[in-house]
Amino acid sequence: MKKKEKAKSQSQLGLILFRFKKNKLAYISVYVLILIALAILLAPLYMDYDKAIKQNISERFISPCWEHPFGTDLYGRDLLARVIYGGRISLFAGLAVILFSFIFGVIIGSISGYFGGWVDQILMRFIDIFMAVPTIFLAMAIVTALGATPVNLVIAFVICNIPSYSRIVRSSIMTLRNMEYVEAAKCCGTSNLRIILKHIIPNGIGPVIVTATISLGTAILSISSLGFLGLGIAPPTPEWGTLLADNRYYIRYYPYLGILPGVAIILTVMCVNFIGDGLRDALDPKMKK
Amino acid sequence: MLKYIAKRILLIIPVIIGITLFIYLLLDFAPGDPVALLLGADATQEQMDALRHELGLDQNVFIRYLNYMKQVLQGDLGASWFNSRPIMDEFLERFPNTLALAFSALFITIVFGLSFGTLAAVNQNTPLDGITLIFALLFASMPSFWFGLMLQILFALKLQWFPAMGVGTIKHMVLPAITLSLGTIANQVRMTRSSILDVIDMNYVRTARSKGASEFHVVYHHVIRNALMPVVTNWGLTFATAFGGTIISETVFSIPGISSYLINAVKVRDVPVVMGTVIIVAIIVALINLVIDLIYAVIDPRVKLGYTS
Amino acid sequence: MALIETNHLKKYFKTKSGLLHAVDDVTLKIEKNETLGVVGESGCGKSTLGRVILGLLPATEGDVTYDGESIWTEKGKKKDFVYNEMQMIFQDPFSCLNPRLSIHDLIAEPMIVRKMVKDKKEMKQRVLELMDLVGLSERYVNAYPHELDGGRRQRVGIARALALNPKFIVCDEPVSALDVSIQAQILNLIMDLQDKKGLSYMFITHNLCVVKHISTNIMVMYMGQVVEYTSKEALFEKQLHPYSEALLSAIPLPELRKSRDRIVLKGEVSNPINPKPGCRFAPRCKYATEKCTSQEIPLIEVEKGRKVACALYM
Amino acid sequence: MALLEVKDLYVNYNTDEGVVHALNGLNFSIEKGECIGLVGETGAGKTTLALSITQLLPKHVGEIVQGSIVYDGNDVLAMNKREIQAMRGEKVSMIFQDPMDSLNPTKTVGHQLLEVLNLHFKELSRKEKQEKVDQMFRLVGIPAERQNEYPFQFSGGMKQRIGIAMALISRPELLIADEPTTALDVTIQAQILDLMRRLRDEFHSSMILITHDLGIVVDVCTKVAVIYCGQVIEFGTIEDVYARRNNHPYTEGLFKCIPDLKSDAKRLTPIKGYMADPANLPKGCKFSNRCDYKSTRCECEEPEFYETGTHGIKCFRFEGQQEK
């Protein structure tokens, strides 16, 4: 009974939040992720960037200790510093990728889905073209052409992500544009823009946000994959992928070199995934119970 | 049916033209002179001009593209700018490795994805369901290069159960294929689960139960096939993802496949190699999608009858 | 002059299997303060007709006039006055309200769009007035649609339609998704509003029973065409077209009776895709003769104010 | 002995938003060969009752809290899975509301009929089963050749015919039809009702017809039970109830708010207010908040069932009248 009271007079958003909070794992993940993000964001306040890039051969391969909690790598750089500063690129490049893909995807998908007809046909044929090869191939080609900088990395992945976002937005809008409340809006002469912004996007955005959250994890992993392949960020800038690539031949002798950065990446990405999962369940209560 | 297949194959052509044109222009637009890269720093202007002429780089980019495509249509992908080896030869050598890898990953993904997804769905809201989902998310959160390295160190270098690198036997394939399927299994499990849960709520499943069928009969005869439909459509994407993932697997396990070929070409901007790879990959992905659509038609009578009528 | 008039209105849709004659040659007239009941089964084109009259769909042929003026400009744009004068009440109380908006915002939305109200205070007052008019308690003003039941949602939909003070409202099956006890409430409300505000309605339904009380005239449609068009009294007195007769007879009435002499039609409705000339009801009609399919059956006036399209009356 | 006897049944749905009390002490029974119409509005608990009888309530959500269901002398709630499965489909069959999605879209309709025989009549030969299927198709008015087609190739009315064929092929003792014609057009509804009447006479099955339409019941059934807020509030033969002399105030209201084709009254007489929230039910008579005759007693005390012959009404107005 009490629960019922609580659900009363809540907007849909409120209801979704209410359901999300019931998913403990997802709820905890939000806090953990905020902590990780703060640690990464505020790194300059408590940790010298020099520690992450300055080579110091005399201190190479020091196992984790009080001074170097994650140990040092083959050039004697502090691994924790490298992981934290590396996270800046991975996490924020990932966020940027999602943000821009989201914006472009919503714009293209809405136009395509709402107007249909030849506009849709043309846009979708373009989308087909970019879906013709696996994203990582496309991203590789774009990064090589533009040069390996963080900004170009983001551009490459945004181009790769737009198609799937557009498609999701498009299909969700195609079902919504036939809803009776959209017709009701048309009846009083609401402009197309207002219909899209006020009636369609707020109702269709849910699945897109879920996709965005889940693909944030994928984006972080893909960016570090390119780094691992030597196609991402140019050294010595620390980045999660390059960091592992640098040490890959020494991991068998110094396992901490692989395990600790790996755990850091997994923890971050897993939080993102749990949140995405929680959001999905909150948006689609049918999946629970 | 044949008409449909022909139509689908014809539709691949504009897509291929689009993607190749995009990449061709992109590589051309990119800063830096490939000729300078090829000849090194101390080449003279004459040498550079000569090579540029030899490679046809002194012409307009669209004309070059047209000439290139003409050549491709005759089945000739040209030669690498770097070692002048015909690209086709190189492909034929490397392709089987990559394909074998991608297909084994697809196979592992489907087998594990379907069985665990079904298991989780049927036991919805039990600990089994929860554990499956958490593991799926855990695997989805691992960088595959890291996972590959860990597998390599543990099972190849320490335990020596499998070879650490190269190709040759089935054993060589095990670790790379597992690494590769890591990224796709999680998604497959989740999709299968949610799709089955969707179907299990359908009225026709209730109808089947009302006929007095056992739960196993209901799931086996009425749920799985219908639940497979959205999952099967996703196999195309799964394959593409696995195919893209071979880059990592091949790098970690030093497999001479098409992906490692591409990485090197991309690093030195070997345009014909990049273009050739993109064309071949696009064709393969499109064909796989076609095959998957045909499988779909077998499962869904609506589509099948739509083709024939 | 009639408030709403259509003249040989046609709406065709292109489909894969041919041209769908959704609305085929409909001529109708709705006077001020009158209600036209449009009755037919699913797929007979009644909803499409309503949408064409409101200008939500462009007509393939023919025109819709409001007070003698076409609702379309020369260039094919909808004229501005249409939005203020003509509104719609929808069938599905669940999908007709945007779930993200509160009841206040839902009712206020048309007034914001048409810039009818100056400030927030006036808006709030207008909204409360409208809620009162449709019998919604004030405490729901900040509620969201998912918190209301079907009957109350339908009241919100009616309040929204009334927000712009329209003269003409198309009611597209407004009660068919509701329970009978709620149905009667909503029907009464719609009739009361007509008296209070001098509204004209086009009332679309599949249930002849429902239009019994509300209509002035009734139009029976079958596969895109009008088969009978007459005053309510005349129709319930005697149905001239065999389809109207069957439709009325098929309604299960909650009363004891000895014999069950209802007409059961054979066959089912098909789509009017590339229809053949002749009566479209002929395949299901027990009176059908060769005459029915060999020639076009026009809608002809058999008595004053009574039109039927049937070979029996030619 | 009654074929089916439901006694004091309470069913809850445990949802995220709280507990919904779908059935609240429902009593109901049906004799062999009877055809009872179960009338009520959305949310009254009609479908819940049907699903409780066949133990098909949604897992984890629907829960039988109290009461008993006895079918042919056997306690349904005590049956194990196998016994329930043996009962479903063979002795008790169901016809569902929405013909659009009550059939498996990827199996031919013939196969779906055959499945019932494969489950319950294993002793029959293939040929015999096939013959039965053919015969069933003819009986519901579908050419037997069409059994190799898929559900999407049929119209709504045809699909419902197939649903009926599927429910009757095992010649069940009890048929539960849950709003079988609600999704159909009136002229098709008339066809289906006609068919159901014919088959009811032919198969001699007992039938529970669930509907919201009082008009359908009088056409097909011999007895009627009116259900409101998860309770049967009036029960009797068609003649008892439709004579409209003594009715529960709710039934009376229902009759009044159906537009009458004969009267010329301009306004309808609706039942005021809305059905009580099943998550938050009133203490006394569940209808008291909408009732014109209510007294303070109705608000705090639940009325019993007062019976006169075959006619029972759950309302204090009829207290003491049962002797007459």
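Here are the numbers for this structure:
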read-out	value
Subset of the stretch C:155-190 (residues that are within 13 Å of chain D (Cβ to nearest Cβ), more than 20 Å from C:Lys46 (Cβ to Cβ) and not small (Gly, Ala, Ser))	C:Arg155, C:Asp179, C:Val180, C:Ile182, C:Gln185, C:Asn188, C:Leu189
Residues being surrounded by 19 or more Cβ atoms within 10 Å (Cβ to Cβ) and either closer than 27 Å to B:Leu305 by Cα or of a type in the set (Asp, Glu) (or both) - total across the stretch D:107-128	8
Members of the stretch D:3-25 found to be away from chain A (no Cβ under 14 Å) and either within 26 Å of D:Leu193 (Cβ to Cβ) or without any contact (Cβ under 8 Å) to a residue 24 or more places away in the chain (or both), listed by number	D:Leu3, D:Leu4, D:Val6
From the options B:Phe107, B:Phe82, residue that is outside the structural domain of B:Arg52 (by TED's automatic domain parsing), among the aromatic types (Phe, Trp, Tyr), open to solvent by 50 Å² or more (accessible area, probe 1.4 Å) and assigned to a loop (DSSP other than H, G, I, E, B)	B:Phe82
Criterion (within 14 Å of chain C (Cβ to nearest Cβ) and surrounded by fewer than 21 Cβ atoms within 10 Å (Cβ to Cβ)) met by exactly one of D:Ala243, D:Ala190	D:Ala243
Any hit, the stretch D:129-141, residues being acidic (Asp, Glu), out of contact with any helix residue (DSSP H, G or I) (no Cβ under 9 Å at 6 or more places or on another chain), more than 30 Å from D:Glu31 (Cβ to Cβ) and at pLDDT 90 or above	yes
A:Thr268, sole failed condition from (1) surrounded by fewer than 21 Cβ atoms within 10 Å (Cβ to Cβ); (2) part of a helix (DSSP H, G or I)	(1)
Which numbered condition C:Ser231 misses (of (1) out of contact with any Phe, Trp or Tyr (no Cβ under 8 Å at 6 or more places or on another chain); (2) crowded, with 18+ Cβ neighbours inside 10 Å)	(2)
Pick from the stretch A:164-188, criterion open to solvent by 20 Å² or more (accessible area, probe 1.4 Å) and assigned to a loop (DSSP other than H, G, I, E, B), ranking: farthest from the other protein chains (Cβ to nearest Cβ)	A:Arg177
Subset of the stretch C:4-56 (residues that are touching a helix residue (DSSP H, G or I) at 6+ places or on another chain (Cβ under 9 Å), outside any strand (DSSP E or B) and not acidic (Asp, Glu))	C:Asn33, C:Gly40, C:Ser42, C:Arg51, C:Leu54, C:Gly55, C:Leu56
Residue ranges of helices (runs of 4 or more DSSP H) in the stretch B:124-227 with at least 3 members within 14 Å of chain D (Cβ to nearest Cβ) and touching a residue at least 60 places away in the same chain (Cβ under 8 Å)	B:170-200
Residues of the stretch C:242-282 satisfying the condition of being within 23 Å of C:Pro298 (Cβ to Cβ), assigned to a loop (DSSP other than H, G, I, E, B) and hydroxyl-bearing (Ser, Thr, Tyr)	C:Ser270
Residue count for the stretch A:8-51, restricted to those that are among the aliphatic types (A, V, I, L, M) and open to solvent by 80 Å² or more (accessible area, probe 1.4 Å)	8
Any hit, the stretch D:198-215, residues being buried (at least 23 other Cβ atoms within 10 Å of the Cβ), touching a residue at least 24 places away in the same chain (Cβ under 8 Å) and out of contact with any Leu (no Cβ under 8 Å at 6 or more places or on another chain)	no
Flag if A:Thr237 is outside any helix (DSSP H, G or I), free of Cβ contacts under 8 Å to residues at least 12 places away in the same chain, open to solvent by 10 Å² or more (accessible area, probe 1.4 Å) and on the phi < 0 side of the Ramachandran plot	no
Test set (1) in contact (Cβ under 8 Å) with a residue 40 or more places away in the chain; (2) more than 26 Å from B:Val291 (Cα to Cα) - B:Ala43 fails condition number	(1)
Residue match in the stretch A:30-38 (condition: closer than 20 Å to A:Thr242 by Cβ and not in a loop (DSSP other than H, G, I, E, B))	yes
Hey, C:Val180 of a type in the set (A, V, I, L, M) and open to solvent by 20 Å² or more (accessible area, probe 1.4 Å) or not	yes
Test for C:Gln125: is it within 14 Å of chain D (Cβ to nearest Cβ) and outside any loop (DSSP other than H, G, I, E, B)	no
Selection from the stretch D:257-278 of residues that are in contact with a His (Cβ under 8 Å, 6 or more places away or on another chain) and either more than 7 Å from every other protein chain (Cβ to nearest Cβ) or open to solvent by 70 Å² or more (accessible area, probe 1.4 Å) (or both)	D:Ala265, D:Lys266, D:Arg267, D:Pro278
Identity of the residue in the stretch D:63-114, farther than 27 Å from D:Leu184 by Cβ and among the small types (Gly, Ala, Ser), that ends up farthest from the chain's Cα centre (by Cα)	D:Ala78
Qualifying helices (runs of 4 or more DSSP H) (wholly inside the stretch B:237-309; at least 2 residues being hydroxyl-bearing (Ser, Thr, Tyr), within 10 Å of chain A (Cβ to nearest Cβ) and within 21 Å of the chain's Cα centre (by Cα))	B:258-268
Checking D:Asp72 against (1) surrounded by fewer than 20 Cβ atoms within 10 Å (Cβ to Cβ); (2) in contact with a strand residue (DSSP E or B) (Cβ under 8 Å, 6 or more places away or on another chain); (3) under 30 Å from C:Leu178 (Cβ atoms), the condition it does not meet	(3)
Residue identified as of a type in the set (A, V, I, L, M, F, W, C), touching a Cys at 6+ places or on another chain (Cβ under 8 Å), closer than 30 Å to D:Glu239 by Cα and in contact (Cβ under 8 Å) with a residue 12 or more places away in the chain among D:Ala50, D:Ala44	D:Ala44
Boolean, B:Val174 is more than 19 Å from A:Leu221 (Cβ to Cβ), crowded, with 16+ Cβ neighbours inside 10 Å and within 18 Å of the chain's Cα centre (by Cα)	yes
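The values are calculated or read from the model by the stated rules, or taken from the named source; none is laboratory data. On a predicted model such as this, the values are computed, not experimentally measured, just so you know. When we count neighbours, we look across all protein chains shown, and the Cβ atoms used for this are built from the backbone with ideal geometry, even at glycine. Quick note on the areas: whole protein, heavy atoms, side chains included, nothing else; ligands and nucleic acids left out. Shrake-Rupley method; radii C 1.70, N 1.55, O 1.52, S 1.80 Å.
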